[in-house]
Each structure stands twice: as structure tokens, then as C-alpha cells.
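The numbers here are math on the coordinates, done by the rules we state, and not lab data. Computed from a predicted structure; not experimentally measured. Cβ sites come from the backbone with ideal geometry, for glycine too, and all protein chains shown count toward neighbours.
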Amino acid sequence: LFHTFPSLFGGSEMEKSVNDLGASDEKEKQCLLAEIVTASMEYSLTGTLKLNNQMQTFVQPIIKNMLANGNLDTVAMWRDSLACSIHSTSRSPKRLSFLVKVLAESPFSVDKKTTNGSSESYRQLRLLRAVLDECCWRAEDVGHWVLNKLKDSSMLSHPYKQVRMEVGNILAAVTRASYRPMQTTDKHLNTLVQSIAEQLTPLLQAKAGDEATDKRLMSLANVAIQWMIPSTYFTETATFQNLLLPLFPAVLHLQQSADTEAADRAKFCATTWAWGSWGFASTATVNNCPTAVEEMLKLIRKMSKSPNWHIRKAVASYLKIFVPRHAFLISGGSIVKDEAHPALKTVKSTLVNLLSDPQVEVREAAGIGLQTMLSSIPGSGGPAGGLSKMTTKMQKKLYKMSKTAIPAFSKDQKLMQMRSLAINKRHGGVLGLRAMILSRPYDVPEWLPHTLIGLAEHTRDPIPIGTSAKKVFQEFMRTHQDEWHIFEDKFTEDQLDTLRDCGSSLTYFA
């Protein structure tokens with residue numbers, strides 16, 4: 001069949017058979033047609049330029065017909081067919097430039113008002129992504145052209161989920177293709193990011209507006225998330241994480257979406273970014289420019305002051321993963337002793353401020369985040385032993401917060417507000433001290449016995465302070481029971497009596 005292709009390209013019998021296959025919706029016939037197209041393109045690469053031109057004349061109508069009238073069930077087969085054809089041209093990619101041009105132009109020539117516009121767009125975008133993934137850096141100029149087209153079209157906020165997913169995947173493919181060693185930015189990507197970030201600004205203001213506008217912004221935020229998730233999968237795109245930072249606030253906002261699926265993807269995106277390879281981004285300070293980690297922490301600190309408590313809680317939950325994952329970068333690559341690294345100070349101040357948050361869920365999440373910071377960064381209260389200068393100051397502040405006096409209950413509105421603020425602050429101090437204690441689950445340093453017993457008086461405080469204090473003693477006894485015969489020597493008799501009273505539940509015998 002290969003040897004007869006030159007005559008078949010212009011043969012009426014071959015043309016009739018191909019037309020019959022293209023007009024059929026049967027999966028098997030579409031599969032056969034895709035294999036014929038792949039074989040013809042691969043064989044033409046071994047021949048003359050004339051043979052290649054004949055192949056273009058033969059293949060181009062088939063591809064256009066498939067893009068306009070194809071079946072969604074056959075998209076996967078055509079994707080593999082086109083990807084295989086592109087892969088086979090690694091030595092002479094220009095011979096299939098016509099194919100790349102057809103696939104790149106097709107998504108933007110469809111009338112989106114037609115009833116089948118969404119399925120056509122999905123199919124064409126899916127095949128375009130296969131080509132961009134396969135061409136990678138060789139199609140950088142095509143990717144930039146696609147970026148400009150997407151920016152000027154309505155696909156970035158398309159109402160159909162499948163189309164939005166493919167648009168986000170294409171943006172990720174273009175980002176990967178734009179990678180160059182020692183390069184941390186790209187003007188085409190930066191322009192699109194800034195445009196999307198400006199459009200998403202009203203979404204972050206937590207104010208209900210026009211319903212159609214809100215839906216459009218939610219769709220745009222979903223595209224941004226689908227773009228950001230793959231950025232943590234590859235070393236090449238990790239260098240662009242700081243470029244995509246302006247889109248991160250939308251991720252935190254979307255976690256509270258009424259759409260459960262969208263909220264789950266936003267949480268997954270935040271988790272992947274917390275686990276991301278930030279060490280591949282700009283880690284060296286050049287000309288006093290902040291590192292990628294410092295840029296992220298600066299943004300996180302800004303988001304921690306959001307009026308929406310769901311976003312503040314999302315910030316604390318994000319730091320719970322981000323800090324242990326990048327402990328080496330945050331600590332400056334050394335054990336914390338006298339002067340802490342600026343990134344570590346940012347983390348500490350952000351979490352301590354959230355401990356006094358009016359919402360109890362935020363305070364508890366901040367307490368867990370502070371615990372992970374203390375246990376993962378040597379010298380900040382973790383396994384290196386002792387307390388750094390920064391942690392000692394923090395301990396004094398938390399102790400002072402835990403001693404905040406709670407005014408008596410009153411029906412006066414102003415006094416009720418003062419009582420609420422006092423409870424929040426006192427609870428934050430208890431949660432902070434609890435984080436310090438639980439950060440040492442298998443050891444008892446010098447400062448721990450006094451700090452632990454100091455929480456005994458809080459077990460009689462109103463809810464939620466008393467509940468949090470009681471949990472400290474229960475968790476401490478659980479984690480230290482295996483070597484308690486060693487640890488109990490570090491407590492005085494009075495402290496042991498208090499510990500037994502607070503750490504064990506009462507039992508009544510008849």
C-alpha cells in the first residue's frame with residue numbers, strides 16, 4: 001500500500017473510499033481513516049517534495065471534514081493519530097506545518113452561536129492540544145499566536161466545562177513550550193496573566209453583582225485553575241510559578257464555591273502548589289529581587305487580611321503544607337538561632353495574627369499551621385532543641401494573649417463585643433501554646449513542663465477555650481506514654497498531680 005500511495009493520492013477510487021469513511025459515524029471506520037491519514041503523512045516524509053505536496057492535497061480535506069463533523073467518541077483516536085504523525089516529523093517538522101496551521105486556526109473559525117459550537121470547540125481544542133504537546137518548544141510561535149487568539153475570544157470564560165478544561169490545558173502546554181533555561185518570565189504569558197488577573201478582581205471583592213457577570217468570572221477562574229495545576233507537574237513549568245502568582249487569589253476564593261466540583265479542583269490546585277517545586281523557580285536573590293518563595297509568602301500574607309474568613313482559613317491550610325515542604329528555603333538553609341530568615345518571620349507573623357481571628361475555624365487552622373512550622377524548621381522549636389530568639393519572643397506574646405482577662409457577661413452591646421474580642425485573643429494564645437507543646441510529640445524540652453501546666457487553668461474557661469486546653473493534655477499523654485517513665489522525671493510532684501487531673505477523664509464507681 002505504501003508503494004502505491006503516489007498513484008492513490010490522486011485516484012478516484014481512493015477518494016471515493018475515503019469520502020465514505022469520512023461520512024460514517026462508526027468508530028471502526030473512523031479509526032481506519034485515522035490510520036490511513038497517519039500512514040500517508042509518515043510515508044510522504046521519505047519521498048520528494050512533490051510527494052509531500054500530493055499528501056497535503058489528499059490529507060487536508062479529510063482533516064477539515066473531521067474537525068467540522070467529527071464524532072466525540074473518536075476524538076481520542078484522532079488525537080493519537082495526529083500526535084504520532086507529528087512525532088514522526090521530528091527531523092523535518094516543516095513538512096507538516098500545514099497540519100499545525102489547520103489545527104491552530106480551526107477553534108477560532110467556529111461560530112460559537114451554533115447549537116453544535118461547544119462540541120466542535122472541544123474537539124478542535126483537544127486535537128490542537130495534542131499537537132502543541134507533541135511539538136513542545138518547536139511550536140512556541142504557534143503557542144503565542146494561540147494565546148493572543150484566546151485573549152481576544154470568549155473561550156476563556158466559556159460556559160461549557162469541557163471547553164474550559166481544554167483551554168486551561170492548552171495554556172499549560174504553551175507555558176511548557178515557552179520554557180528556556182535560566183528564563184523565569186515570558187512577555188506573552190505575562191500579558192495574558194495580567195489580563196485575567198484584572199478581570200478576576202471583582203470576584204475577590206466578595207460582593208454579589210450581576211448573575212451573568214458572576215458566572216462569567218467563575219468560568220474564567222476555573223480556566224485559571226486548570227492552567228495552574230499542570231505547572232507543578234513539570235520541571236520546565238515550575239520556573240513559571242512566580243509568573244502565575246497573580247492568579248492564585250482566585251484559587252483561594254473558589255474553594256468556597258457552591259459548585260462542589262469547582263471547589264474540589266480549587267483545593268486540589270492549592271495543594272499541588274503547596275507541594276510544588278518552588279526550588280526550581282527563582283531561588284537566588286539578584287539585584288535585591290525577592291525569591292519565588294518570598295513572593296508567594298508576601299501574597300499569602302496579603303490574602304490573610306481578606307474580609308472573607310473562608311479565604312483566611314484557606315491561607316492557614318495552605319501554609320500547613322507549604323511550610324514543611326519548603327522548610328529549607330524558608331529557613332534560609334540554616335538552623336534558626338539568633339536572627340531568623342525574613343521568609344520565616346513572614347510565616348510566623350501571618351500565623352500568629354490569624355490566631356486572634358474572629359472566626360474559630362480560622363484560629364484552629366492557624367494553630368495547626370503554627371505547629372507544623374515549629375516541628376519542621378530546625379531551631380524554631382523543632383528537633384534541633386531549644387528555642388530561637390524569634391520563638392522565645394513569640395512564646396512570651398502567646399503567654400500574654402492566653403492571660404487576657406474576659407469581662408463578665410453583659411447585655412450591653414459594647415461590653416458583649418469586648419467580651420467576644422477577649423475570648424478570641426485568649427483562645428488564640430491557648431492555641432499557640434498548644435502548637436508549641438504538640439510540636440514536640442516525642443520529647444520534653446526544658447520549657448515544656450511549665451508551659452503545659454500553665455494551660456491547666458484554662459480547662460475551666462468557656463467554650464471553645466476550655467475544650468482546646470483539655471485536648472492538649474489528652475494529646476500530650478497519648479504521644480508520650482511509651483517513654484513516660486523517662487519523661488516524668490522532668491516534672492515536679494505538683495506538676496504531675498496537675499497533669500494527672502487534666503490528662504485523664506473522670507471515672508465514677510457505684
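Please sort 478-490, 218-230, 259-271 by packing, taking for each peptide the average over its residues of neighbouring beta carbons within 10 angstrom, highest first. If you can, show how the numbers build up before the last one.
Numbers: 478-490: 12.1, 218-230: 23.2, 259-271: 16.8.
The peptides rank, most packed first, as 218-230, 259-271, 478-490.
Starting from 0.36 nm per residue, how many nanometres of slack lie between Q162 and E261 once their C-alpha separation is accounted for?
34.3 nm
Could you sort 153-163, 419-429 so that the peptide with the highest average Cβ count within 10 Å comes first and the rest follow in order?
Working: 153-163: 18.2, 419-429: 19.9.
Order by mean packing, descending: 419-429, 153-163.
Mind listing the phi-derived Karplus ³J(HN,Hα) values for segment 215-228, rounded to whole Hz, using 6.51, -1.76 and 1.60 with θ = phi - 60°, and x for any glycine or proline?
5, 5, 5, 5, 5, 5, 5, 5, 5, 4, 5, 5, 6, 7
Output the pairs from K425/K471; K393/K425; K403/K470; K94/K151; K348/K397 with a Cα-Cα distance over 20 Å in this structure; if there are none, say none. Can you show the working numbers first?
Working: K425/K471 18 Å; K393/K425 17 Å; K403/K470 17 Å; K94/K151 27 Å; K348/K397 12 Å.
Going by Cα-Cα distance, K94/K151 fall outside the 20 Å limit.
In nm, give the distance between the simple-model label positions of E26 and Q205, each being 7 Å from the Cα along the Cα-to-Cβ direction.
With each label point 7 Å from Cα toward Cβ, the separation is 5.9 nm.
Once the other residues with Cβ under 15 Å from the Cβ of E457 are scored (Lys, Arg +1; Asp, Glu -1), what is the net sum?
+2
Multiplying the sequence separation of N190 and K471 by 0.36 nm and subtracting their Cα-Cα distance, what value in nm do you get?
In short, 96.4 nm is gained.
Under a Cβ-Cβ cut-off of 12 Å, what is the net charge of the residues other than R129 that fall near it, where Lys and Arg count +1 and Asp and Glu count -1?
Values: positive: R79, R123, R126, R176; negative: D133, E134, E166.
With Lys, Arg at +1 and Asp, Glu at -1, the net is +1.
Could you derive backbone 3J(HN,Hα) for segment 361-372 from the dihedral phi with the Karplus parameters 6.51, -1.76 and 1.60 (θ = phi - 60°), listing whole Hz in sequence and x where the residue is Gly or Pro?
4, 5, 4, 5, 5, 5, x, 5, x, 5, 4, 5
Want the number for K397 to K298: 0.36 nm per residue separation, take away the alpha-carbon distance, what's left?
Extra length available between K397 and K298 comes to 33.4 nm.
For segment 136-197 and segment 453-484, write down the distance between their C-alpha centroids in whole Å.
Computed from Cα coordinates, the inter-centre distance equals 52 Å.
Using the Karplus curve 6.51 cos²θ - 1.76 cosθ + 1.60 with θ = phi - 60°, what ³J(HN,Hα) values do you get for each residue of segment 402-418, in whole Hz, with x for Gly and Pro?
5, 8, 4, 6, 9, x, 5, 5, 8, 7, 5, 4, 5, 5, 5, 5, 5
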